[in-house]
Amino acid sequence: MQNGEKQFIHGIFLSELEDWLVRAGEKKFRAKQIWQWLYHHEAQDWDEMKNIPKSLREQLADAFVFRALEKVEVQESNTGTRKILSRLIDGELIEEVLIPAPDRRTVCVSSQVGCMFGCAFCASGQLGVKRNLKAGEIVGEALAAQREYGDRITNLVFMGIGEPFDNYDEVMRAVRILNDPDGFCLGARRITISTCGVVPGIQRLEEEGLQVELSVSLHAPSNHVRDALMPVNVSWSLDELMETCRQYTKNTKRIITFEYTMIRDVNDTDEHCRELIGLLSTFPCRVNLIPLSEIEEYEGKTSRRETVESFIRQLERAGINTTVRWSKGVDVNAACGQLRSKSLGKSLRDS
Ligand code: SAH
């Protein structure tokens, strides 16, 4: 416990809960019972934990925060995508997105309130970063998604608001709880972390021995173009980023997906495509093209469909496996880069 602040119950490991119970003079096996309630029954409150003695439930309630998020609003797009706006206990607001498909129920979660990286075309970073999310809040997002779907989620992507590697420890803690067979029990390969190119984060992930998927937001085939779009390129240049990705692939044998937001005449010419192929042809990888979701703060336009199709053909011809993510949820501002953390300044405690 830090600074006398209560921890979120959904943010602590099973072993930590066991230790806490033992310190409180309780039996260790209670931890698994509590986890069953949290992740199997998806309990909403301590009082649902009928096989836990009332006195222990009261002690737990004194020590831990149960509800990290309060649902404020759900907006449904005409594509079936749903955006959940949630209030955190300090009043900050975050968004997450549910993306259903015939064979999967995906949730796109946020890792921070705001973002400090300020990519030119992304709404999430326009106001900078307010704070990191705690692991319990991230796990809370996954549980909220599940409640909204009325079913288990099958995939979770860190592609909402924030830069996961700028909040490395709490994101990894959440990943381990989500992945724990005794916990949320979501396969590591169904969890994707997306980074704007924070090189030390990629290097640390390489050491974790986790089977999670890694996506890297590339968006440009040269330093010249990338500098103008993504300030992160000043800290870690394209050469450094690509070398780190090459090492990551070699050492983990895991294939990275490069995301490439397509912006008309900015990064989508034939010359850009040739440069991109040159950059990516030295090691195995995938490309996910994302036609820009236009936002009011950025004057760039989305690429024409023919241009996107031409990129796919050229990349595929070069042997690079390529997919396109056609925007979903634009009508409710739930598409890539359209999420923002709003601040109403009212806290869950006040309400
Ligand atoms: N910070 C992380 C994850 C968040 S964004 C990252 O940068 O990877 C998830 C993806 O959406 C990133 O690839 C991001 O660059 C992209 N994106 C952001 N704004 C967008 C927009 N307006 N249109 C299309 N894609 C966008």
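The values are calculated or read from the model by the stated rules, or taken from the named source; none is laboratory data. Source: prediction; values computed, not measured. We place every Cβ from the backbone using ideal geometry, glycine too, and count neighbours over all the protein chains shown. With ligands, DNA and RNA removed, areas are computed over all heavy atoms of the protein, side chains included. Shrake-Rupley method; radii C 1.70, N 1.55, O 1.52, S 1.80 Å.
Which ones in the stretch 214-231 are surrounded by 20 or more Cβ atoms within 10 Å (Cβ to Cβ) and touching a strand residue (DSSP E or B) at 6+ places or on another chain (Cβ under 7 Å)?
Going residue by residue through the stretch 214-231, those that are surrounded by 20 or more Cβ atoms within 10 Å (Cβ to Cβ) are 214, 216-221, 226, 229-230.
Leu214, Val216, Ser217, Leu218, His219, listed by residue number.
Hey, any hits in the stretch 197-208 for a residue that's within 15 Å of the ligand (Cβ to nearest atom) and more than 19 Å from the chain's Cα centre (by Cα)?
Within the stretch 197-208 (the criterion being within 15 Å of the ligand (Cβ to nearest atom) and more than 19 Å from the chain's Cα centre (by Cα)), the answer is no, since none of the residues qualifies.
Condition test on Glu76, is it within 16 Å of the ligand (Cβ to nearest atom) and acidic (Asp, Glu)?
Values: within 16 Å of the ligand (Cβ to nearest atom): no; acidic (Asp, Glu): yes.
So Glu76 does not fit the description; no.
Filter the stretch 49-84 down to residues that are among the charged types (D, E, K, R) and open to solvent by less than 70 Å² (accessible area, probe 1.4 Å) and give me whichever is farthest from the chain's Cα centre (by Cα).
Step one: of the stretch 49-84, the residues among the charged types (D, E, K, R) are 50, 54, 57-58, 62, 67, 70-71, 73, 76, 82-83.
Right, trim to open to solvent by less than 70 Å² (accessible area, probe 1.4 Å) and you get 57, 70, 82-83.
Values: Arg57: 32, Glu70: 19, Arg82: 16, Lys83: 14 Å.
Residue satisfying both the conditions and the ranking: Arg57.
Would you confirm whether or not the stretch 161-180 contains a residue that is among the charged types (D, E, K, R), within 12 Å of the ligand (Cβ to nearest atom) and part of a loop (DSSP other than H, G, I, E, B)?
Going residue by residue through the stretch 161-180, those that are among the charged types (D, E, K, R) are 163, 166, 169-170, 173, 176, 180.
With within 12 Å of the ligand (Cβ to nearest atom) added as a condition, the list becomes 163, 166.
Remaining after also requiring part of a loop (DSSP other than H, G, I, E, B): 163.
The answer is yes; a qualifying residue exists.
Quick grid of which residues meet (1) modelled with pLDDT of 95 or more; (2) more than 22 Å from Val308 (Cβ to Cβ); (3) among the acidic types (Asp, Glu):
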{"position": "Leu210", "(1), (2), (3)": "yes, yes, no"}
{"position": "Leu218", "(1), (2), (3)": "yes, no, no"}
{"position": "Glu240", "(1), (2), (3)": "yes, yes, yes"}
{"position": "Asp268", "(1), (2), (3)": "yes, no, yes"}
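May I ask you to verify whether Glu42 is assigned to a strand (DSSP E or B) and either of a type outside the set (Lys, Arg) or surrounded by 14 or more Cβ atoms within 10 Å (Cβ to Cβ) (or both)?
On the way: assigned to a strand (DSSP E or B): no; either of a type outside the set (Lys, Arg) or surrounded by 14 or more Cβ atoms within 10 Å (Cβ to Cβ) (or both): yes.
Taking the combined requirement at face value, the residue does not satisfy it.
Can you tell me which residue among Ile255, Ile312, Ile290 is of a type in the set (A, V, I, L, M, F, W, C) and within 15 Å of the ligand (Cβ to nearest atom)? Quick ask: steps written out before the conclusion?
On the way: Ile255 fails: within 15 Å of the ligand (Cβ to nearest atom); Ile312 fails: within 15 Å of the ligand (Cβ to nearest atom).
Going through Ile255, Ile312, Ile290 in turn, just one is of a type in the set (A, V, I, L, M, F, W, C) and within 15 Å of the ligand (Cβ to nearest atom): Ile290.
Go through the stretch 95-110 and count every residue that is away from the ligand (no atom under 16 Å from the Cβ) and among the charged types (D, E, K, R). Step through it out loud before you land on a result.
Residues of the stretch 95-110 that are away from the ligand (no atom under 16 Å from the Cβ), as a first pass: 100-105.
Cutting the leftovers down to among the charged types (D, E, K, R) gives us 103-105.
Result for the stretch 95-110: 3.
Go over the candidates Gly201, Gly162, Gly197 one by one and state the one that is crowded, with 19+ Cβ neighbours inside 10 Å, closer than 24 Å to Leu93 by Cα and either in contact with a helix residue (DSSP H, G or I) (Cβ under 9 Å, 6 or more places away or on another chain) or aromatic (Phe, Trp, Tyr) (or both).
Gly162
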